[in-house]
Structure formats: C-alpha cells, structure tokens
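Comments concern the structure below.
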Amino acid sequence: MIEIVIIENKPHKAGPQWKFAGAFYFATVVLAMIGYGHSTPVTVGGKAFCMAYAMVGIPLGLVMFQSIGERLNKFASVVIRRAKCYLRCNTTEATEMNLMFATGMLSSIIITTGAAVFSRYEGWSYFDSFYYCFVTLTTIGFGDYVALQNDQALTSKPGYVALSLVFILFGLAVVAASINLLVLRFMTMQAEENARDEDKDSCRTMLPIDGHMFAGRQRSHEDQASVCSCNCLGNKQCEGGALLPAAPARPLRALTRRASLAPELIERASV
C-alpha cells in the first residue's frame, strides 16, 4: 500500500495533471506518439475520447511534422547553394548528402542544447538529460525520465512549459526530416544497386546477330525464320527495298511496317 501511495503521489509534484497546462502537455505527447505514461486517462469516457482523439490527431500531426521537415529541407538547400556559391565550388546544387549533413547537425544542436536546458531545470546529469532528449525526439518515450514533473512546474513555470513544448514539436520535425532523408538515401542506394544488377544481367544475355547485339534468350531456327529478313536466313527476298515473303509464313507485322524504310535499314536482321 505504501508503494502504491508513493507511485500515485509522484506525478502530483508537478501540480494538477488535468489542469489546462497538464492536459495540453498530455495532448502533445499523444499527438507526437511519445507516450511517457506519466499521466493516463482513468474513466471510461476519458479512455474512449483519448482513442478517438488519437485516431484523428496522430495523422494530422504526422502531416504537420512532414510539412515542417520539407520546409526545413528547402531552407537548408537554399543555404547550402548560397554557401557553395560563396565558396566558388564547381557544383552549387545541394545533394542528398549535403542535406543529410545539415539536418543531422541541426538535430545534434537541438538535442545537445535541450539536454543542457533540462539538466539545469530538472537537476539531472547532462548524460541523463541527453538520454531524455534522445528518447523523446525519437518517439520512444520510456517514461523513466519526464520533464515538468517536479516543484509544481506545470503551474509555477509557464515559460519552462512553453519551452518544453516547443522543444518537443520543433525537435520532432527536425529529427523526422533527418530520418526521412536517411531513409530516402537508403532507398536510392537500393535502386541504384538493382539497376546495376539489371545492367549486368542484360550484358550477359546479349547475343550477336548480323553484327548487332540482341538482348534476350537464344531463339530457335524456326523462331528466327519467322522474324528475320532475307539477309539473315535467306527465306525472304529484297527487290528495290521492298520485302517479298517467299512462303506463307506467319504475318510479319513489324517488317511490313518497316517496308518503307531505307534499304540499308531493311537489310538488317530485325525483330
């Protein structure tokens, strides 16, 4: 019973959890999918509303974070282009690696700065504060460290509450932009690797036909006789650049369409 009383009493050190400041903090944690677990709805109505609110709010929150991340990437690309122009680089375009470096540096600055602020206000060590910032901005949210839970912070420190909310929202947008660029880079590398594999496979299946290269499996004599012109297997005759079939074989639609081309193109074995 003593353990239960202590666990239940700890969150109330920050002040009333369901006043406007505490409820706003809870709503932000829900939309950001962090889920510390420091305060949870207890009544049936509160749980039902929380589920409905999360179903509607989380997609909107993801769209908001994605939009902020895209605008940050555009801003970073403009800064990178101007920096390259100032440094007189050969190429002034912002590459994926440049954007990944810029967003990674910004994410590191936000985490380290936030760790210093939380270490001062919460009384944590710097490493514990850095751990809290990392767990928060990656939406892991273990709940072993939660800000705004001591010394009536929710009611007596409105500036600190606003700073914490801004840190969560802006930091999530920056980290999401950085992670999205990293995922896109991995996808691009995979696509390039698949393209190289396809090129290698196509080079291995190239077969010479009449001085030209034909990609595909080696056809049988009957297949070649049905698709090749007179110069290839001798089953057609060319007179003045026109194609004259020697036997009532299957229709040669592709060759009929090319009958009006130049003689040197018609004489080439084509498929």
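The values are calculated or read from the model by the stated rules, or taken from the named source; none is laboratory data. Here the structure is a predicted model, which means the values were calculated and not measured. Quick reminder, even Gly has a Cβ in these numbers, built from the backbone with ideal geometry, and neighbours come from all protein chains shown. In case anyone asks, the SASA skips ligands and DNA or RNA and just uses the protein heavy atoms, side chains included. Shrake-Rupley method; radii C 1.70, N 1.55, O 1.52, S 1.80 Å.
Given the condition charged (D, E, K, R) and either under 28 Å from the mean Cα position of the chain (by Cα) or surrounded by 15 or more Cβ atoms within 10 Å (Cβ to Cβ) (or both), answer yes or no: does some residue in segment 38-50 qualify? Explain how you work it out, then say what you get.
Within segment 38-50, the first condition is being charged (D, E, K, R), and the residues that meet it are 47.
This time we only want the ones that are either under 28 Å from the mean Cα position of the chain (by Cα) or surrounded by 15 or more Cβ atoms within 10 Å (Cβ to Cβ) (or both), so: none.
For segment 38-50, residues charged (D, E, K, R) and either under 28 Å from the mean Cα position of the chain (by Cα) or surrounded by 15 or more Cβ atoms within 10 Å (Cβ to Cβ) (or both): absent.
Let me spell it out: the conditions are (1) closer than 26 Å to GLN66 by Cβ; (2) within 22 Å of the chain's Cα centre (by Cα); (3) assigned to a helix (DSSP H, G or I), and ALA162 meets all of them except one. Which number is the exception?
Checking ALA162 against (1) closer than 26 Å to GLN66 by Cβ; (2) within 22 Å of the chain's Cα centre (by Cα); (3) assigned to a helix (DSSP H, G or I), the one that fails is (2).
Checking TRP124 against (1) surrounded by 17 or more Cβ atoms within 10 Å (Cβ to Cβ); (2) in contact (Cβ under 8 Å) with a residue 40 or more places away in the chain: exactly one of these is not met. Which one?
Among (1) surrounded by 17 or more Cβ atoms within 10 Å (Cβ to Cβ); (2) in contact (Cβ under 8 Å) with a residue 40 or more places away in the chain, TRP124 violates only (2).
Can you work out which of the residues in segment 86-111 that are under 19 Å from ARG185 (Cα atoms) and of a type in the set (S, T, N, Q) is most open to solvent (accessible area, probe 1.4 Å)?
Per the stated criteria, the residue is THR95.
Just to check your reading of the model, which residue among ALA162, ALA153, ALA83 is open to solvent by less than 70 Å² (accessible area, probe 1.4 Å), touching a residue at least 12 places away in the same chain (Cβ under 8 Å) and hydrophobic (A, V, I, L, M, F, W, C)?
ALA153
Could you check, for segment 58-71, whether at least one of its residues is more than 19 Å from ASN180 (Cα to Cα) and of a type in the set (Asp, Glu)?
The first filter runs over segment 58-71 and keeps only residues more than 19 Å from ASN180 (Cα to Cα), leaving none.
For segment 58-71, residues more than 19 Å from ASN180 (Cα to Cα) and of a type in the set (Asp, Glu): absent.
Name the single residue that is least open to solvent (accessible area, probe 1.4 Å) among those in segment 129-150 being over 21 Å from PHE65 (Cβ atoms) and at pLDDT 95 or above.
SER129
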